[in-house]
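Structure, as structure tokens:
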Amino acid sequence: MPETAQQTRRARKPRKRRAGAAGGLDEGFYAELLHIVGLRESVSGARRTVARLAPQERLPGALIELALSRLAAGNGNGNGNGNGNGKGKGKGKGESQSERPAADSFELALRLCIVWISRLVFLKVLETRLLTLHDGDSTYAFLNTQRIGSFSDLDALCDAVFGTGDDTPPARFAHLPRFDGSLFEPQDLDRSQLDMSALDDRATIALFPATVLPHASGERHVLAYLLDFLAAFDFCAGLVAREPTAANRRCLDASALGLVFEKLNGYRDGAWYTPGSVAMQLARPAITQAALNRLHRAKGWRCANIDQLSEVIGKSSENRDAARAILDSLRICDPAVGSGHLLVSALNELLALKVRLGLLDTREREALGACRIDVTADRLCVTHANGEPLTRERDGTAIRKIEAALFRVKRDIVEHSLFGVDINADSVGMARLRLWIELLEHADFTAALPNLETNLKAGNATLSRFDFDTPLRGHVEPVANYRASAARLRATATPAARRAEIVRFAQLRDALRHTLSTNLAETPPEETTAFEWRIEFADLLTDHGDFERFDAVIANPPYIDSERMINQGQRALRERLARRWPSARGNWDLYIVFMELGLALLRPGGAMAYLTPDKWLSKPFGNALRARHIGKIERIVRLGRDVFEQARVDSIITFFRESGTPAIATARIDGETFTELAQTDKGTLESPWPLDALFSPHVAFVQRFARAHATLGSLLPCENACATSDAYRLAPLVEAGDGRFRPDHHYRVVNTGTLGRYVSRWASKPMTYLGRRYAAPVVERERFASTFANGYGAKARAKKVIVKGLTRLDATLDLAGDTIPGKTTLILRSDDENLLKFAAALLNCPLSVFLIRAKYGASSYNGGVAFTTAMIDALPVPGGAAVRSEIADCVTRLLHAGQSGCGSPAVDDIAREIDRRLYAAFGLSPQEIDLVEGRAGSTAREASRPRSAATASRRVG
């Protein structure tokens, strides 16, 4: 076990973490939006999905119902041209409902609704920004019931703003900026499918019971309801929001809207959106470390933090220019980008870092020099240097300059530093839209929003046919042409120019792919969506075609376990991933593959931060990942179970450094307190490198036992009582004893619910077994023997200790060999009754469960511990044979006291005597006994510290 030095505990106020808190999701906005669309959120286990309302609850005028009616009427294809259906399966878009499976029809209708809502949100942010720029000029208030009276009017507006550029917009919308809306619309849907003019203008819908609309009741026409609903909120766009026209309007900024996108985006797989505070905890350390590493490697500046880096840069223009060029070249990737939340966090963090270090060009420095720019609650906050807020009345001219500078800096970061991949093309479109909205907050429309096609792409990030180092040398000219085409594609000013350039770009990319695939076999079916990291991002190719990789990788990857993958028909994919990624061993979860992918994507000196469950820290499926990459783990922060709404996941953030670190730092967040726990020397870790013990505040206490004592497994190895299949085969044999138990004819049956300390609670507590309840369950010995000729039969006949497998560590003695241990129990068996009595005493002692909980924090089960044979085997045992004999004698007295009818107090006194003898054998101090038995106080905390370093720890504010 490792030697760990407890570090200073540092308490500080963290960012808000829960949805619905200030700065998070506006629950009211989201709930009423779902009502208008006709959807509900459905929670199943750890999955929350967006679903259609139950039949009896459906609202005919809701958007989803109108979309389904349009599809059923054969109007889903608009003008009938095109061949997509939203699923890419080649069905005609004009098929009737009877020809299209209901699930596919709902899927397409939902995708259409999400596109419509996304467009409306973008238009609302655009309207707010234009009104801000034009001092509330009503000609820019275009998204309201006075201007939009029908779905046809709404289509005309969308065509004017998101049109192809090949036509002239109506005069009433000619003053509005135009955008290439195809950049964030589903590529497999024809533009005509997105038209809303075929929807029923007469459709009405009942108002949401808790509607935000004042003095409203009854029903509204759905379009009017939707527009009035959006108008009831203030869509902040800029450093300072416009004064709302109604005093009660709530503010929705880009971050709050992004959370809505993230929730809608997760409708397929039950994705949980990443809270803003957690996104910051991922982005800020990874980007900071990546910047420090790059500057160290390029300039030799050894800086431990940004303050030191700022001092090194100083006022030297040479240092500032060099540092600016390096930070401008940072590349950050999210390989599971979803709706783009983490990239938005990275955008704000990188911008704030550049401002803090003064690494802006002259024009931007002049505009932003008098400002203070921070990221708070995952939002970019700009104030005067003294912290006072900006106001348009006092700072109107300065605000214009600040916003113009922010737009230029943000656009540059978005275009050149942020990259992402997602297997779902709709998610990629939403991520592009979300980054556009971030830029829209500061736009003055003198420059176009960037084309993000070259940076945000669709594909299976975990599959690649080409190794990242596959050579492309000797193809300098094709690589140069490919990179130049990517630059032109980003700079295209019109949809027509974009369409022409994207054809050239695809041809050049395919030519490079052909060069790489000369010696490869035909693509198997599971690799048709493979993402070729080697060439897909043209900006990451050197002059010679080498893949430069990324300075920082941040992700909240999908959590999909082996059972779910196989049940979803992904066995072939799973086998392919196991061949590709060495850490995918055992019953691995998909996030294991994403973690190894992220490490493979790091350039020398790169940094990575991932949000995952904590199970890989100790479970066998994490052994290979820990073994291969333990050297790169820098810090692990435990976040607990309340990161995601209703998701029962113990979450951690793990930071990796490509160059490796000699130690692992651990920390945790408890409510409003961030606590640094320890620095652990990796040289003291042992295979298979379980890491969850490093989070325990009592780790030094645990380590002292590990170094000083033999283990229970060396005396009496623990076993699983039965296989899962045996547990189910046992069920039909179990019957009610009804007072007729005969030891020569029956076995008793116990499970975790009927085990107690030293003696079972069989017949005194009912047992529930696989859904059936028994007062005194028994099994006939002959039937059991004929059914179980395997090891299970021998275990039932053996003298043994039976141990609870879940939550509590109660150990029951079965010295007669007449008890069948049921599902989820463990056993230790021997013919030496004294050894069994000693083992029962050790397992029932509070010290044992204390040590296990401290050492195996990631093995949780409903807040308790799911005990394993390895945990039991690793328990320390005190003294020699004499000590074990004394303890066994005490257990004998306890059993006799119970059998002779002595009251519970007498039995409890002997049990406490056994505990005291064990404490003495282990050499525990009174303070350590208080710690073990939960009488926590300052003396108990002191006892848990390393004795040589107890005075070195201190608490600071």
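What to note about this one:
- Arg571-Ala497 pseudo-label distance in nm [points 7 Å out on the Cα-to-Cβ vector]: 5.3 nm
- For the listed residue pairs Lys800/Lys855; Lys263/Lys682; Lys804/Lys855; Lys619/Lys804; Lys682/Lys837, the alpha carbons are over 30 angstrom apart in Lys263/Lys682; Lys682/Lys837.
- Tensor-based shape of region 724-824 (alpha-carbon gyration tensor, a/c under 1.5 rounded, otherwise prolate or oblate): rounded
- Mean separation of Cα pairs under 8 Å and 6 or more residues apart, divided by the residue count, gives region 276-540 a relative contact order of 18 percent.
- Neighbour-count order for His475, His35, fewest beta carbons within 10 angstrom listed first: His475, His35
- Extension gain (nm, one decimal) between Ala54 and Asp889, 0.36 nm per residue minus Cα-Cα: 294.1 nm
- Cross-link partners for Lys632 among the aspartates and glutamates, with Cα-Cα distance under 18 Å and sequence neighbours closer than 8 places in the same chain left out: Asp551, Glu596, Asp614, Glu658, Asp681, Glu686, Asp692.
- In terms of the mean number of neighbouring beta-carbon atoms within 10 Å, the peptides 207-220, 187-200 order highest first as 187-200, 207-220.
- Applying 1/(1 + (r/R0)^6) with R0 = 25 Å to the Cβ-Cβ distance of Asp832 and Arg740 gives a FRET efficiency near 0.15.
- Structure-based [θ]222 nm, the chain - -39500 (n - 2.57) summed over DSSP H runs of at least 4, per residue, nearest 500: -12500 deg cm²/dmol
- Positive-end ranking of Gly545, Ala291, Leu68 along the dipole of the chain, with charges on Cβ about the Cα centre, is headed by Ala291.
- Only beta bridges with both residues in the chain are counted; by DSSP, about 70 percent of them are antiparallel.
- Between the amide H of Ala530 and those of Asn460, distances stay under 5 Å, these residues lying 5 or more places away or on another chain, with hydrogens modeled in the peptide plane.
- FRET efficiency for Ala706 and Arg297, using Cβ-Cβ distance with R0 set to 56 Å, rounded to 0.05: 0.90
- Listed peptides 875-882, 291-298, 545-552 by packing density, highest first (mean Cβ within 10 Å): 545-552, 291-298, 875-882
- Ranking of Ile306, Ile852, Ile872 by count of other Cβ atoms within 10 Å, fewest first: Ile306, Ile852, Ile872
- Of the peptides 916-926, 455-465, the order by per-residue mean of other Cβ atoms within 10 Å, starting with the highest, comes out as 455-465, 916-926.
- Residue order for Cys890, Cys303, Cys333, fewest other beta carbons within 10 angstrom first, comes to Cys303, Cys890, Cys333.
Readers should treat all values here as calculations from the given coordinates under stated rules, not as data from a laboratory. Here the structure is a predicted model, which is why all the values come from computation and not from measurement. Neighbour counts are summed over all protein chains in view; Cβ atoms, including those assigned to glycine, are modelled from backbone coordinates with ideal geometry.
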